[in-house]
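The block underneath contains the structure these notes are about, expressed in structure tokens.
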Amino acid sequence: MDVTLWDLVDILVVGYLLFQIYKLLKGSLGFNIFLGLVFVYILWWLVSALGMPLLSSILGQFVSVGMIALLILFQPEVRRFLLFLGQGYLQGQFIERLLGKKPGAHEDTQLELIIREITRATEEMAQEKTGALILINTGASLDGYYSSGVMLGAKISSQLLLSIFNKYSPLHDGATIISGQEVIAASCVLPVSDRPGIPQSLGLRHRAAIGITEETPVLAFIVSEETGHISYARQGNIQRNISADDMHKLLRKVMR
């Protein structure tokens, strides 16, 4: 059988999709369920090949409703995967690269100033062990989360972020959401991840950061009130104890 270019493309696309599904399910209870469904399918294929009609018929009933079962069992994961495709790439970097759209010199300078302000504020809060949770919106629809907090629509500055997360500020609890060149809202309530496998040492801020990034393609930065360490969460995964330089590089990557 001849292997064509489209066969190779088909294999690569399927492999990429399976890898993304693995990343979404990794470390969750859904991963074990997914393995169970794969086992049922392999068993059904095996008993069919061996000519065992009764067992094949029983297992076939599970396989025939497999897609519906997947949608029901993995509703949160399917939602995150579709958001990953629709908002994380197609509405962002992919289209800009496809159209050859690049920021102008003025926009690039303004963006660099914004990134420095966010990094400076976060670094200072880390030094003072001021707890903070900052979301960087990269194109997701967060209207429901905006409404849970206090709308600001303010220009980004390190002084503003420091004042928001000051422990005496009424806005310090919850998350502050940044979109474009504005602080959109503060004191926003986020879903807390209940995924098994999250270290017990992580507090509510870290779990909320993981929870929101499980559902939407945003980038969340966390400053620990206990250790002063800076962490970030993305796509349901968390990277702990990063430097201010690492944060600056990551912001430059996602905000361009």
### Summary
Filtering segment 164-194 down to residues that are over 17 Å from ILE212 (Cβ atoms), open to solvent by less than 40 Å² (accessible area, probe 1.4 Å) and small (Gly, Ala, Ser) yields SER169
### Query
If a residue has to be closer than 20 Å to GLN127 by Cα and either under 14 Å from the mean Cα position of the chain (by Cα) or open to solvent by 90 Å² or more (accessible area, probe 1.4 Å) (or both) to count, how many in segment 234-249 make the cut?
5
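The rows are residues; the columns are (1) in contact with a strand residue (DSSP E or B) (Cβ under 6 Å, 6 or more places away or on another chain); (2) polar (S, T, N, Q); (3) modelled with pLDDT under 90.
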{"residue": "GLY180", "(1), (2), (3)": "no, no, yes"}
{"residue": "ARG195", "(1), (2), (3)": "no, no, yes"}
{"residue": "ARG205", "(1), (2), (3)": "yes, no, no"}
{"residue": "ALA209", "(1), (2), (3)": "yes, no, no"}
{"residue": "ASN241", "(1), (2), (3)": "no, yes, no"}
{"residue": "MET255", "(1), (2), (3)": "no, no, yes"}
### Message
So, in segment 146-163, exactly how many residues are open to solvent by less than 50 Å² (accessible area, probe 1.4 Å) and either among the aromatic types (Phe, Trp, Tyr) or closer than 19 Å to MET255 by Cα (or both)?
### Response
7
### Summary
Filtering segment 1-32 for residues that are hydrophobic (A, V, I, L, M, F, W, C) and at pLDDT below 70 leaves a count of 6
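The values are calculated or read from the model by the stated rules, or taken from the named source; none is laboratory data. Note that the structure is predicted; figures quoted are calculated from it, not measured. In this analysis, Cβ positions are derived from the backbone assuming ideal geometry, glycine residues included, and neighbour counts consider all displayed protein chains. Note: accessible area is taken over every heavy atom of the protein model, side chains too, but ligands, DNA and RNA are not part of it. Shrake-Rupley method; radii C 1.70, N 1.55, O 1.52, S 1.80 Å.
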